[in-house]
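Novice: This is the structure I have questions about; it appears just below.
The values are calculated or read from the model by the stated rules, or taken from the named source; none is laboratory data. This one's a predicted model, so the numbers in the text were calculated from it and none came from an experiment. Every residue, glycine among them, receives a Cβ derived from its backbone with ideal geometry; neighbour counts consider all protein chains shown.
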Amino acid sequence: MRYAYPAAIVEEPEGFTVTFPDVPEAITAGATRAEALERACDVLVTALSFYVGEEKPLPRPSAAHGRPVVFVPVLEAAKLALHDAMLAARLSNVELARRMGRDEKAIRRLRDLLHASHIEDLEAALRMLGRRLEVNVLEAA
């Protein structure tokens, strides 16, 4: 899964507003277009954290159709992949913790998009669920 969401940018009298058609909870603004897009990543991650916290499926990104795309940072994308894998496997934090020999609190932190985690721990959790984390580096657009 590619965790990159198209953004809609609207020029307003006081600056620019950024929304995400696929993630209606994510709304931000900035005095300039560049500032609004800078803030867009943070608000997107925060909004997606609501889905994780409520153990709901993540919204799937639609096609960009010429709109700018905001990419979820690598660590947070790995956490979203873990969330998706756990929902697909119908696996609770408690059960994953048991399988990994970890405390349930550690798994909660591992899934928390706003908590710093070690990528190795996410890789181990994903492997436990039959997934592999892969990083793809592309030229900047």
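Novice: Tell me which residues, restricted to segment 102-117, are closer than 20 Å to residue 92 by Cα and not in a helix (DSSP H, G or I).
Specialist: 102, 103, 112, 113, 114, 115, 117
Novice: Could you check segment 118-132 and list, in sequence order, the residues that are among the basic types (Lys, Arg) and assigned to a loop (DSSP other than H, G, I, E, B)?
Specialist: Passing the criteria: 131, 132.
Novice: Restricting attention to segment 94-125, which residues are surrounded by fewer than 18 Cβ atoms within 10 Å (Cβ to Cβ) and hydrophobic (A, V, I, L, M, F, W, C)?
Specialist: Those that are surrounded by fewer than 18 Cβ atoms within 10 Å (Cβ to Cβ) and hydrophobic (A, V, I, L, M, F, W, C): 94, 100, 106, 114, 116, 119, 124.
Novice: Would you mind stating whether residue 24 is in contact with a His (Cβ under 9 Å, 6 or more places away or on another chain) and either among the acidic types (Asp, Glu) or at pLDDT 95 or above (or both)?
Specialist: no
Novice: On to the next question. Select, from 91, 80, 133, 87, the only residue that is surrounded by 15 or more Cβ atoms within 10 Å (Cβ to Cβ), at negative phi, of a type in the set (A, V, I, L, M, F, W, C) and at pLDDT below 95.
Specialist: Going through 91, 80, 133, 87 in turn, the sole match is 133.
Novice: Name the strands (runs of 3 or more DSSP E) wholly within segment 1-89 that hold at least 1 residues that are in contact (Cβ under 8 Å) with a residue 12 or more places away in the chain and closer than 25 Å to residue 134 by Cα?
Specialist: Strands (runs of 3 or more DSSP E) meeting the threshold: 4-6, 69-71.
Novice: While we're on this one: Only one of these conditions is not met by residue 135: (1) under 26 Å from residue 33 (Cβ atoms); (2) part of a loop (DSSP other than H, G, I, E, B). Which number is it?
Specialist: For residue 135, the exception is condition (1).
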